[in-house]
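All remarks here apply to the structure that follows.
Bear in mind that the values in this text are calculations on the coordinates, not laboratory data. In this text, all values refer to a predicted model and were calculated from it rather than measured experimentally. Here the Cβ positions follow ideal geometry from the backbone for every residue, glycine too, while neighbour counts run over all protein chains shown.
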Amino acid sequence: MTYDLAVVGAGIVGLAHALAAAKRGLSVVVIDRDAQANGASIRNFGLVVVTGEEPGRQRRLAERSREIWLELAVSAGINILHRGLLVAAQRQEAVHLLEAFVTSPQGAGCSLLTAEEMHRRQPGLNPDGLRGGLFSPMEIRVESREAIPRIAAHLRDRWKVEFRFGCHVHAVGEGRLETSAGVIQARRSVICPGDDLVGLFPSVIAQHEVTRCKLQMLRLAPGGPSLGSAVVSDLSLIRYGGYSCLPEADALRARLLQDSPALLENGVHMIAVQSADGSLVVGDSHHYAQTPDPFGSGAVDDMILREFGRVFAMTTRVCARWTGTYASSPMHAHLRETLDDDARLVMITSGTGASTAFAIGEETIEDLFGN
């Protein structure tokens, strides 16, 4: 059989391309070397960030991807655990930045909150140092380790997409994919290698200065107040382009460099989301290398937990810890390279797969197959 499209990689980026193609009525096969998605696509917050994305193209990709997530929530039975994002401002510089943000085009629909309003909206916040905040209604949150398998099952059952797990692709070209299980024929191909920088087309990837980012995350046992939305702190405001692009971010960055240099050095920012069982997923940190070591740092975990304690006044008990890696480039948030007329290489190089992959998938399939 010759497929219309072969997708290499069954993470969120590969699944996004398979979905876009299947919706067009194309025959699709997805190939992955692992038995199931096991990388960055499931080792994250499951947070679809919209207001935090850089204005312009990145923001538009996130808005469209959010629409597709909401469609999948119905058709694939994916639970939307949070709707909205709460920013807890602990420094006056953060308040000034949020004031500027809500008056900018990307802040439309968001609300500034006083410290008292923050406490009413989210019980359990630490009153010490809380100066106010912001609520965005745009963000949604899923449980990634459950959502990714559900999307794959939905593609298989509803859209008749074929999956070849445990199958390694070692060459692509001229309508052929040479794999550990034999040759697969396909008219077009999309290579979605995640953070595999040397398996397929390493020279193309190297042109974009792609490296790996290692992150550390924790799961806290149930016991505190329920979260009504995802919660972030000041540190996130200088990491998310939707906020950090504003001139007011410079003052916050300078303040953080003065009073929290170790947090910035380790790329720590505080995000907290809640799972259906009441446990909290908290993180994360960012360290960059071609091959990051696989070991989590207790000191970095402690930094994350201390920052969590600055935002929340609740007892914590860590019940799980993990690391993850994703592709990262200083040049752009994602790349799509034309390998030949019938093949594309697609990588998200900013940790924004959940937020932008579905829209990127639609663009790639339109590029390959036309309107």
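So what J values fall out for region 58-75 if you push phi through Karplus, 6.51 cos²θ - 1.76 cosθ + 1.60 with θ = phi - 60°, rounded to Hz, Gly and Pro as x?
With coefficients 6.51, -1.76 and 1.60, one gets 4, 5, 5, 4, 5, 4, 5, 5, 4, 4, 5, 4, 5, 5, 5, 4, 7, 6 Hz.
Convex hull over the Cα atoms of region 100-184, averaged projected area in nm²? Mind showing how you got there, number by number?
Numbers: hull surface 45.8 nm².
Value for region 100-184: 11.5 nm².
Which whole number of Å³ per residue matches the convex hull of the alpha-carbon atoms in region 73-122? Present the calculation step by step, with values, prior to reporting the outcome.
On the way: hull volume 5.4 nm³, N = 50.
So the per-residue Cα hull volume is 107 Å³.
Averaging sequence separations of C-alpha pairs under 8 Å and six or more residues apart, then dividing by the length of region 178-290, give the relative contact order as a whole percent. Provide the component values of the computation, followed by the final result.
Values: 127 pairs, mean separation 38.5, N = 113.
Answer for region 178-290 is 34 percent.
Suppose only helical runs count, i.e. DSSP H with n ≥ 4. What mean residue ellipticity at 222 nm does that imply for the chain under -39500 (n - 2.57) per run, divided by all residues and rounded to the nearest 500 deg cm²/dmol?
-10000 deg cm²/dmol
At a threshold of 8 angstrom on Cα-Cα distance, excluding pairs fewer than six apart, so keeping six or more, what relative contact order does the chain reach in percent? Please report the intermediate quantities before stating the final value.
Working: 806 pairs, mean separation 100.2, N = 371.
Once normalised by length, the contact order is 27 percent.
Once you list every other residue whose beta carbon is under 14 Å from the beta carbon of Ile238, what net charge do they have if Lys and Arg are +1 and Asp and Glu are -1?
On the way: positive: Arg91, Arg239, Arg253, Arg255; negative: Glu54, Glu93, Asp234, Glu248, Asp250, Asp259, Glu265, Glu307.
Summing Lys/Arg as +1 and Asp/Glu as -1 gives -4.
Just to be sure I understand the curve: with the Debye formula and one point per C-alpha of region 247-371, what is log10 I(q)/I(0) at q = 0.09, 0.10, 0.13, 0.15 Å⁻¹?
-0.40, -0.48, -0.75, -0.92
Net charge within 11 Å of Leu220 by Cβ-Cβ distance, Lys/Arg positive one each and Asp/Glu negative one each, not counting Leu220 itself?
Details: positive: Arg219, Arg317, Arg321; negative: none.
Once positives and negatives cancel, what remains is +3.
Extent of region 40-94 along each principal axis, from alpha carbon coordinates, in Å, largest to smallest?
For region 40-94, the Cα spread along each principal axis is 44, 25, 22 Å.
Using modelled amide H (1.01 Å from N, peptide plane; none on Pro or chain starts), what sits under 5 Å from the amide H of Arg188, excluding residues fewer than 5 places away?
The list, which skips near neighbours in sequence, is Leu5, Ala6.
Around Ala313, which amide H atoms from residues at least 5 apart in sequence, or from another chain, sit under 5 Å from its own amide H, with H modelled in the peptide plane?
Excluding prolines and chain starts, which carry no amide H, the hits are Leu125, Asn126.
Give me the percent relative contact order of region 7-55, please, defined on Cα pairs under 8 angstrom at least 6 residues apart.
Details: 35 pairs, mean separation 18.8, N = 49.
Answer for region 7-55 is 38 percent.
Taking every pair of alpha-carbon atoms in the chain, what share in percent sits in each 10 Å bin, from 0 to the bin with the longest distance?
With 10 Å bins starting at 0, P(r) equals 5, 24, 33, 23, 11, 3, 0.
Need one number: convex hull volume per residue for region 1-114, Cα atoms only, in Å³.
Values: hull volume 17.3 nm³, N = 114.
Expressed per residue, the convex hull around the Cα atoms of region 1-114 is 151 Å³.
Enumerate the amide H contacts of Gly46 below 5 Å, restricted to partners 5 or more residues apart or on another chain; note that Pro and chain-start residues carry no placed amide H.
Ser144
Take every DSSP beta bridge whose two residues both sit in the chain, then give the antiparallel share in percent to the nearest 5. Numbers along the way, then the final one.
On the way: 51 of 72 bridges.
Counting only bridges with both partners in the chain, antiparallel ones make up about 70 percent.
Work out from phi, with θ = phi - 60° and the Karplus expression 6.51 cos²θ - 1.76 cosθ + 1.60, the ³J(HN,Hα) of each residue of region 262-274, listed in order in whole Hz, and give x for Gly and Pro.
Per-residue couplings from phi come out as 5, 5, 5, 4, 9, x, 7, 9, 9, 10, 10, 9, 10 Hz.
State whether region 202-258 is rounded, prolate or oblate according to the following rule on the C-alpha gyration tensor (a ≥ b ≥ c being the square roots of its eigenvalues): a/c under 1.5 gives rounded; otherwise a/b larger than b/c gives prolate, and the remaining case gives oblate. Intermediate values should be presented prior to the final figure.
Details: a/c = 2.59, a/b = 1.28, b/c = 2.01.
Verdict is oblate for region 202-258.
I need the phi-derived Karplus couplings for region 333-348: 6.51 cos²θ - 1.76 cosθ + 1.60, θ = phi - 60°, integer Hz, Gly and Pro marked x.
6, 7, 9, 9, 10, 7, 7, 7, 4, 10, 9, 10, 9, 10, 9, 9
Restricting to DSSP loop positions (anything but H, G, I, E, B) with no more than 13 other Cβ atoms inside 10 Å of their own Cβ, which chymotrypsin sites (Phe, Trp or Tyr not before Pro) remain in region 203-311? Write down the numbers at each step before the final one.
Values: sites: Tyr240, Tyr243, Tyr288, Phe295, Phe308; in loops: Tyr240, Phe295.
Within region 203-311, the qualifying chymotrypsin sites (Phe, Trp or Tyr not before Pro) (loop, at most 13 other Cβ atoms within 10 Å) are Phe295.
Of the listed peptides 119-128, 347-356, what is their order by residue-averaged count of other C-beta atoms within 10 Å, with the highest listed first? Please list the in-between numbers first.
Details: 119-128: 14.8, 347-356: 25.9.
Packing proxy ranking, top to bottom: 347-356, 119-128.
Report the charge-dipole magnitude of the chain in Debye, nearest 20, computed about the Cα centre from +1 at each Lys and Arg Cβ and -1 at each Asp and Glu Cβ. Present the calculation step by step, with values, prior to reporting the outcome.
Numbers: 36 positive and 42 negative charges, 147 e Å.
For this selection, approximately 700 debye.
Taking the Kirkwood radius as the inverse of the mean 1/r across Cα pairs, report the Rg/Rh of region 154-311.
Working: Rg = 21.0 Å, Rh = 19.4 Å.
Result: Rg/Rh = 1.08.
Neighbour counts of other C-beta atoms within 10 Å: give me Lys214, Lys23 arranged from fewest to most.
Numbers: Lys214 25, Lys23 13.
Going from sparsest to densest Cβ surroundings: Lys23, Lys214.
Net charge near Arg336: determine it from the other residues with C-beta under 10 Å of the C-beta of Arg336, scoring Lys and Arg +1 and Asp and Glu -1.
Numbers: positive: Arg344; negative: Glu337, Glu363, Asp367.
That works out to -2.
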